């Protein structure tokens, strides 16, 4: 699976759950502390908008403003689709994935790492969204595998970032299903409903 394939699969997983959000569900709490469904979706859309700006050469401070903006307006699903289309189109431009540096608010990173951030946001927040609205929580195995390959090697580092919620618990056995291990390493505790 290429990086762009992983991005498309992550988008599909998130969008599948997003399409199930009825008007009464936007204020439901999510597994992300302090975030309701609307705030979670806004985080994903704003992250897409910020990433496009970074890829096109924006400074970290300007991009950071996009990441904090209300990106949903009165059409949250349309806002997501537009942002995801823009993201895929921009990453798909010739040479974009070869850019050595984008000026991310967390520090300069290669464009390929920024793409990995977006795939992780789509995949992990697809699960968060599913949990919040009571939808199917099973993510596509290919996406789970791609995310595991990206996150497992940095599991120890994740414990010190406070980016993924709770730290990995180290309580999930090595022979547990891969999605369960992925959720644990990313700070999620999928208790039965």
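The values are calculated or read from the model by the stated rules, or taken from the named source; none is laboratory data. If you're wondering where the values come from, they're calculated on a predicted model, not measured in any experiment. All Cβ positions, glycine included, derive from the backbone under ideal geometry; neighbour counts span all protein chains shown.
Could you please give the count of residues in the stretch 1-56 that are without any contact (Cβ under 8 Å) to a residue 24 or more places away in the chain, closer than 17 Å to residue 93 by Cβ and not in a helix (DSSP H, G or I)?
1
Determine, yes or no, whether residue 67 is under 19 Å from residue 113 (Cα atoms), at pLDDT below 95, within 17 Å of the chain's Cα centre (by Cα) and in a helix (DSSP H, G or I).
Answer is yes for this residue.
Could you tell me whether residue 63 is in contact (Cβ under 8 Å) with a residue 24 or more places away in the chain, more than 20 Å from residue 132 (Cβ to Cβ) and out of contact with any helix residue (DSSP H, G or I) (no Cβ under 8 Å at 6 or more places or on another chain)?
Here the answer is no, as residue 63 does not meet what is asked.
Select from the stretch 87-116 the residues that are part of a helix (DSSP H, G or I) and buried (at least 17 other Cβ atoms within 10 Å of the Cβ) and list them in ascending order.
87, 90, 91, 96, 97, 111, 114, 115, 116
Going through 92, 73, 134 one at a time, which residue ends up being out of contact with any strand residue (DSSP E or B) (no Cβ under 9 Å at 6 or more places or on another chain), modelled with pLDDT of 95 or more and within 21 Å of residue 11 (Cβ to Cβ)?
92
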